[in-house]
Amino acid sequence: MATKRKIENAPNPDGAKTIRGLDLPTYDGAGLRIGIVSARWNSVVCESLVAGAVEALKSCNVTDITMEYVAGSYEIPQAAQVLLQSGKFDGLICIGCLIKGGTMHFEYISEAVTQGIMRLNLDYKLPVIYGILGCLNEEQAKERAGVDGAGHNSGKDWGITVVESCLLTKKYQKVLGS
């Protein structure tokens, strides 16, 4: 296992084991090609999550980062599919924020986006990280995105996760000869 890292405002900033959240090991993602597809809806939250993901990717020596933006979370799976079809990426992070309102819209969009992203993982056999916050209110969303220094920026976790997942995928692709 890789050595532990210290990331400011992480669930385990001292590198100790966590009960909730991720232990954040250090990975070398040099040479990985990572795409990020982010929604513009709830932009304050999504921009913070993207910044956290990019910070984490750079801390893992990832320099080939492509950003694409779509209107909302519902559009993310299709945009991610286009990026995957290009064959130019080792992994993707899908970033969006859904905040529950007074109608069923939240449930419909959440389910569709979740299923779409899972399908991409299985169909393309490449890591497609689920970075969609599903929150009950704006305060929860801001806290989970580290907006204004409060809470923890989950984008950092997703940046580390995509590198870890890409390295695992590459390791076994070599073994399987694919």
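The phi torsions of region 157-173, fed into the Karplus equation with coefficients 6.51, -1.76 and 1.60 and a -60° offset, translate into couplings of 4, 5, x, 5, 4, 5, 5, 4, 5, 5, 5, 4, 4, 4, 4, 7, 5 Hz, rounded to whole numbers, with Gly and Pro shown as x.
Taking amide H atoms as placed 1.01 Å from N in the peptide plane, the amide H of residue 38 lies under 5 Å from those of 68, 69, 70, 95, each 5 or more residues away in sequence or on another chain.
When peptides 64-72, 152-160, 100-108 are ranked by their average number of other Cβ atoms within 10 Å per residue, the highest-first order is 152-160, 64-72, 100-108.
Based on the reciprocal of the average 1/r between different C-alpha atoms, the Kirkwood radius for region 95-157 equals 12.7 Å. Can you check what the net charge comes to around residue 133, using other residues whose Cβ is under 14 Å from the Cβ of residue 133 (Lys, Arg +1; Asp, Glu -1)? Net charge around residue 133: -1.
Ignoring aspartates and glutamates fewer than eight residues from residue 125 along the same chain, the ones with Cα atoms less than 19 angstrom from its Cα are 90, 164. Put simply, the amide H of residue 61, placed in the peptide plane, has neighbours under 5 Å in 29, leaving out anything fewer than 5 places away on its chain.
The numbers here are math on the coordinates, done by the rules we state, and not lab data. The shown structure was predicted, so the numbers you read here are calculated from the model rather than taken from an experiment. Here the Cβ is made from the backbone with ideal geometry for all residues, glycine too, and neighbour counts use every protein chain on show.
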